[in-house]
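What follows is a set of notes on a single structure, which appears directly below.
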Amino acid sequence: MRFLGNIEAKTDAKGRVFLPATFRKVLQASGQEALIMRKDVFQDCLKLYPESVWNEQMDLLRGRLNRYNRQHQAIMRQFVSDAERIELDGNGRFLINKRYLQLAGISRDVKFLGMDDTIEIWAAEKTEQPFMDVDSFGQALEEVMGSEEL
């Protein structure tokens, strides 16, 4: 399952937003119905995980954490306590509750970014500038991709 796109949308007065049709089609084609939403760990955006991707991430995280280590339990607790199950209504809409809107700095205009197997939701104004300048992006990509023979 791969999400690709950069799509603008608007939340309504209640905080509901339409999941873009291109992303809904990807979900439907893969048999996914539910999404998990949480605030991104590093950026001021929200992240949508198809339930199967969320479960893979949870298995990976749980496999690296010891249930009998206080810090590991705090990490797990923080990660899952910031998550919420999302289901689309018959029109393809879902609710972003006020807490999440505030965490991501979203007022009305949003931008959905397809990020491989997840979807990010940004306040539209935060995406007006590139995430990296062109030279830094080129250099970083070269460091990541150019160091090994493919």
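The values are calculated or read from the model by the stated rules, or taken from the named source; none is laboratory data. From a predicted model like this one, the values you see are computed outputs, not experimental measurements. Note that we place each Cβ from the backbone using ideal geometry, even for glycine, and neighbour counts take in every protein chain shown. Ligands, DNA and RNA are stripped out before the accessible areas are found, and what is left, the full protein with its side chains, is counted by its heavy atoms. Shrake-Rupley method; radii C 1.70, N 1.55, O 1.52, S 1.80 Å.
Observations on the structure shown:
- Hits in region 117-138 (condition: over 17 Å from residue 39 (Cα atoms) and open to solvent by less than 80 Å² (accessible area, probe 1.4 Å)): 136, 138
- Qualifying strands (runs of 3 or more DSSP E) (wholly inside region 5-75; at least 3 residues being in contact (Cβ under 8 Å) with a residue 40 or more places away in the chain, touching a strand residue (DSSP E or B) at 6+ places or on another chain (Cβ under 8 Å) and buried (at least 16 other Cβ atoms within 10 Å of the Cβ)): 34-39, 46-50
- Meets criteria (touching a residue at least 24 places away in the same chain (Cβ under 8 Å), assigned to a helix (DSSP H, G or I) and buried (at least 16 other Cβ atoms within 10 Å of the Cβ)) for residue 111: no
- Of residues in region 97-150 being among the β-branched types (Val, Ile, Thr) and modelled with pLDDT of 95 or more, the one nearest to residue 44 (Cα to Cα): 121
- For residue 106, the stated conditions hold: it is closer than 22 Å to residue 124 by Cα, in contact (Cβ under 8 Å) with a residue 60 or more places away in the chain, in a loop (DSSP other than H, G, I, E, B) and open to solvent by less than 70 Å² (accessible area, probe 1.4 Å).
- The sole residue among 23, 18, 42 that is in contact with a Phe, Trp or Tyr (Cβ under 8 Å, 6 or more places away or on another chain) and on the phi < 0 side of the Ramachandran plot is 23.
- The residues in region 77-98 that are open to solvent by 50 Å² or more (accessible area, probe 1.4 Å) and in a strand (DSSP E or B) can be counted, and the count is 5.
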